[in-house]
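What follows is a set of notes on a single structure, which appears directly below.
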């Protein structure tokens, strides 16, 4: 028995509109793709060459050599720090893959950018990554080499930086294994990474760990000592005991990791896929044409579902009530999911319907997928008098206290309190992935500029200032500038650069990415909430 | 007349299977015999009952005449067919068989004795008017006279007994004749117990042509035409055909008439072969004919005669042995078309035809007859099947494959196609050489002297598919393997193969072929939709680069990418547990490929780990040829304790070379030892600068998975590189 019945698509994939929209979407994706292409050699060719000259592999080459052949690898937040002063990707690689048949989390520093030294975004990205590791209970592999903190930027780093070591020990306490391979220096704070890991592997003549390097030791206690004696792989393997496995070379280090994963005898705690995982009736490649490149143009969320869900099967909940919120059940790669998606803004009916649906899924331990295309809650006297705040509060109560895993797929806009109602970033979803057309802000740029314009005009009126031609031009210029600024600050790239999501993906990959995220979440227990806050009736 | 109702087959291998086939068709019950290594051989399964006759060597088993006769009597057999080899030309055994009241399927003991002595046989041949060069009989083992006028140099000194090239000497100077006689006599004495030798002219660039005869006990003899068996290695035939395409009608008639005359003269009973060497005259026409010997038994290559005459020689043998009259007269014998037989042997042609023994993995002969009766395939006579053991105690013959067509060219090309589509794994075979011979221009032009293989070293060294074919088979192996690995993967198994959201490289693999090639391949499956991976029905595009990927140079930059790019489409892929069928298109050329996988010998060592499947061997075969590819492990094995140690053995095998000694200083990548395993040479290398403390195995030693081969101590003098940024 399967869940639901097959959705029928009404998308005309032969129309000019469709093709024009696909072209616009592809253009948005091309921009993302060109940014992604910069990441592996973000440190610059000179430093890449130097790294290789030392006989070392780049971090992504290590990942390729580590994961199971032909298995998929999902890199998380690859464009973190985009649009900031930090390097795109933040000088570290994070992702989810398969090693020895086990779904694991892998991270590694990019030694080619400032010697793998951490910048503020590195810590933020790492913190988010550890959150994913902990919440989803994924065995952790750290491919480490780092000069430690980027010292000139210590003010932005030092205080929060200690979190990663706390994260590591807490993982250990929770029974989530951590394996660190020291491929190069692990200096100062970096030395705690192996120190706090369950297992450590040091690569001979490469991996080192010391709290203070030879220069600092000379400064502090006037001892002159070489690196190997101070903190070399062999010393740590034979004398200090910091290293559990001494690897002959980089590949051997990765081999040790695989051997350790084998002895974990790792079992996922969540249920396995229970539904048939047949492909959708409609090609997921068409997802790119389901959403609109211009988020101001509405689109039908069921067209997205028809290309995300197994067999395009969907059992809709309350189809004729609060129809701007499309709720119902289906499955993705065999994992049962509750779907919530927007076909317009939130009214009281949409909010209460979604709140009920979320409670039902919690009772049944069914994970939730939120497909955002939301410009906000309805405003105006009718909405207010109808209790939009009271009913919106129910939705916020539901998403805040829901305990099943949440997955956000940003297929369009996510503005204002609508983002909160759809369990946005602040509501701690397990994973958030965005399509390249995604826009996110407190409200649409035009609305925001318009609101500010009205406020400015009202202020002028309040002070009794008459708006002459010159001032009118100035106000219009201000409004246009503000709209442009907000436009820039609400793009998918801007959002992903600030770690508001876990990555921008090609829409056609949504089923694969969501499948991997949902599967990873099932490494932990999947159990619904039993308690909520007070419901405002 | 003595009816045969139960036949004991005193042989093994393909000939025992072949004799049993005819017996079964005639309703004759069969009794087989087997040695200990053969307890489960195909020939034992081909007979109704079989009797154990002893140990592993021929002397302990198939040569034990008494035990065989006892087995026949105990199991109600009324006749014994000796096949070829073993006891087939042993007159004493034939006599014992008859004395035991059993029918001997063969010539009379007297005929075997007479014709088995090459000197006596040649005398008889000369007396019967058989065309032949003269011979000079040697009295004793010394010769110090001059060669007679009709015996020009070079000459051949030959033993009267035995065969197979032993006791033979070619002499090119009159001064050497005496020594050659002494040596040949000595060798013949020790090998056959008879030191009698004789001298005859040595025909260079001759052809080996033989005539099949069969006679009954009533004085009727017919010849069944000739066979040419010139292509030989170490005086052993490897390609045989009928008729001979290299002799004139006149020569053919002379040979057949001569053979018949000799058979008639001795009243020959049963099947026999009169062998000749036909020299080449200065103008290229047939030259001197020399009678060689008579084989008083069924020949290995009899199927080509059966093909062109439509007769079943074993059926005729059984009839005349039972005392029946030959059912055919000479005028009834009609010849149709051309037949060629090749002998597939467990030998490595490129290594001087070194015998190869072991366990057969896959045993597959391409285009084998389907049994439709339309002759739409090749005939395969074999005693082997999947999993059979090829023992050093027996002949290296794995199979005879016979084609029959209207023309010699068609027969050759049909057989070549069969050879290309054949695959026998676990051993070295001559399949590739045979495929090459059958399409080689001199062969197709029938320019085939006995020196053919010496004069065509490239066919001997043939190693199967090359160029685009080799690439296609490599790609097929890699994609079959990819299908198997993804099929067995439970984690994120739904994702497209090798999926990345940030791709830096494709899947990189190193494969080694059974003939020692090493190929790097990098591929990226572009549109592995769920549909494709689940149902195997959709077309999948694969970008493939063949050749070593860019590697860092000394200055850290990558070497130039000079790889061959190949556009591949998987058009169809059906995968079961151990076999796969693929239709792949490589640069626009579609090829159907069958693939079989062999599970790695163990999954419990570092180099062969779960999900990793290093050491996995994939056998691929197609109409363009067959190859075996082994996926090289990604990870080198290091000694388990992680400190010093040294390389451990990746697979069970034998040490075939040791390149270092204790105390040697070695550098990263230096070859320390070579281990042959799975018929491949594995180089055992050093990782990092180190000093050899102990070489733990010597050449010839058996080594097992995980054995520490060479103990190394790391050289501590290395400088730790400065890593500061």
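The values are calculated or read from the model by the stated rules, or taken from the named source; none is laboratory data. This is a predicted model, so every value here is computed, not measured. Don't worry about glycine lacking a Cβ; one is built from the backbone with ideal geometry, like all the others, and counts go over all protein chains shown.
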For the stretch A:96-106, check the following and say yes or no: at least one residue is crowded, with 19+ Cβ neighbours inside 10 Å, more than 11 Å from every other protein chain (Cβ to nearest Cβ) and touching a strand residue (DSSP E or B) at 6+ places or on another chain (Cβ under 6 Å).
yes
Six or more apart or on different chains, Cβ under 6 Å: which pairs go from a residue in the stretch A:347-365 that's in a loop (DSSP other than H, G, I, E, B) to one that's at pLDDT 95 or above? Could you list them?
A:365/A:526; A:365/A:527; A:365/A:528
How many residues are assigned to a helix (DSSP H, G or I) and within 7 Å of chain B (Cβ to nearest Cβ) when one looks only at the stretch A:220-236?
2
Go through the stretch A:250-266 and count every residue that is touching a residue at least 60 places away in the same chain (Cβ under 8 Å) and facing chain B (nearest Cβ under 9 Å).
5
Sole miss for residue B:191 among (1) surrounded by 15 or more Cβ atoms within 10 Å (Cβ to Cβ); (2) more than 30 Å from residue B:90 (Cα to Cα) is condition (2)
Of the residues A:287, A:269, only one is away from every other protein chain (no Cβ under 12 Å) and surrounded by fewer than 17 Cβ atoms within 10 Å (Cβ to Cβ); which?
A:269
Test for residue B:312: is it surrounded by fewer than 21 Cβ atoms within 10 Å (Cβ to Cβ), within 29 Å of residue B:3 (Cα to Cα) and under 26 Å from the mean Cα position of the chain (by Cα):
yes
Subset of the stretch A:290-309 (residues that are surrounded by 20 or more Cβ atoms within 10 Å (Cβ to Cβ) and out of contact with any helix residue (DSSP H, G or I) (no Cβ under 9 Å at 6 or more places or on another chain))
A:295, A:301, A:302
Could you tell me whether residue B:439 is more than 10 Å from every other protein chain (Cβ to nearest Cβ), assigned to a loop (DSSP other than H, G, I, E, B) and at pLDDT 95 or above?
yes
Unmet criterion (only one of (1) within 26 Å of residue B:628 (Cβ to Cβ); (2) in a loop (DSSP other than H, G, I, E, B)) for residue B:403:
(2)
Check whether at least one residue in the stretch B:540-555 is within 13 Å of chain A (Cβ to nearest Cβ), part of a helix (DSSP H, G or I), within 40 Å of the chain's Cα centre (by Cα) and within 25 Å of residue A:61 (Cβ to Cβ), and report yes or no.
no
Selected residue [modelled with pLDDT of 90 or more, within 14 Å of chain A (Cβ to nearest Cβ) and in a loop (DSSP other than H, G, I, E, B)] from B:523, B:492
B:492
Collect the residues in the stretch B:34-86 that are closer than 22 Å to residue B:381 by Cβ, in a helix (DSSP H, G or I), in contact with a strand residue (DSSP E or B) (Cβ under 7 Å, 6 or more places away or on another chain) and modelled with pLDDT under 95, keeping them in residue-number order.
B:37
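Residues checked against (1) within 13 Å of another protein chain (Cβ to nearest Cβ); (2) at pLDDT below 85; (3) touching a strand residue (DSSP E or B) at 6+ places or on another chain (Cβ under 9 Å):
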position	(1), (2), (3)
B:671	no, no, yes
B:677	no, yes, yes
B:687	yes, yes, yes
B:691	no, no, yes
B:695	no, no, yes
B:704	no, yes, yes
B:713	yes, yes, yes
B:718	yes, yes, no
B:721	yes, yes, no
Within the stretch B:224-244, of all residues that are outside any strand (DSSP E or B) and in contact with a strand residue (DSSP E or B) (Cβ under 7 Å, 6 or more places away or on another chain), the one farthest from residue B:334 (Cα to Cα) is B:244
Residue list for the stretch B:55-74, filter: in contact (Cβ under 8 Å) with a residue 60 or more places away in the chain and closer than 19 Å to residue B:99 by Cα
B:68, B:71, B:72
Got at least one residue in the stretch B:464-475 being within 18 Å of the chain's Cα centre (by Cα), crowded, with 18+ Cβ neighbours inside 10 Å and under 30 Å from residue B:569 (Cα atoms)?
yes
Determine which single condition residue A:239 fails, assuming it passes every other condition in (1) facing chain B (nearest Cβ under 10 Å); (2) under 30 Å from residue A:143 (Cβ atoms).
(1)
For the stretch A:159-210, give me each residue that is within 14 Å of chain B (Cβ to nearest Cβ), part of a strand (DSSP E or B) and touching a residue at least 40 places away in the same chain (Cβ under 8 Å).
A:181, A:182, A:183, A:184, A:185, A:186, A:187, A:199, A:200, A:201, A:202, A:203
I'd like to know if the stretch A:330-350 contains one or more residues that are within 21 Å of residue A:11 (Cα to Cα), modelled with pLDDT under 95 and touching a helix residue (DSSP H, G or I) at 6+ places or on another chain (Cβ under 9 Å).
yes
For the stretch B:463-489: of the residues being closer than 25 Å to residue A:522 by Cα and free of Cβ contacts under 8 Å to residues at least 60 places away in the same chain, which is farthest from the other protein chains (Cβ to nearest Cβ)?
B:488
Please verify whether the stretch B:344-359 includes one or more residues that are closer than 20 Å to residue B:239 by Cβ, under 19 Å from the mean Cα position of the chain (by Cα), surrounded by 15 or more Cβ atoms within 10 Å (Cβ to Cβ) and modelled with pLDDT of 95 or more.
yes
Residues satisfying the stated conditions in the stretch A:40-73, i.e. at the interface with chain B (Cβ under 7 Å from one of its Cβ atoms), farther than 15 Å from residue B:509 by Cα and in contact with a helix residue (DSSP H, G or I) (Cβ under 6 Å, 6 or more places away or on another chain):
A:40, A:60
The stretch A:132-156, subset in a helix (DSSP H, G or I) and either touching a residue at least 60 places away in the same chain (Cβ under 8 Å) or in contact with a strand residue (DSSP E or B) (Cβ under 8 Å, 6 or more places away or on another chain) (or both), residue surrounded by the most Cβ atoms within 10 Å (Cβ to Cβ):
A:133
Only one of B:17, B:31 is part of a strand (DSSP E or B), in contact (Cβ under 8 Å) with a residue 40 or more places away in the chain and closer than 30 Å to residue B:216 by Cβ. Can you tell me which?
B:31
How about the stretch A:477-514: which of its residues are away from chain B (no Cβ under 14 Å), under 11 Å from the mean Cα position of the chain (by Cα) and in a helix (DSSP H, G or I)?
A:495, A:497
When residues of the stretch B:183-210 are filtered for being under 27 Å from the mean Cα position of the chain (by Cα) and part of a strand (DSSP E or B), how many remain?
4
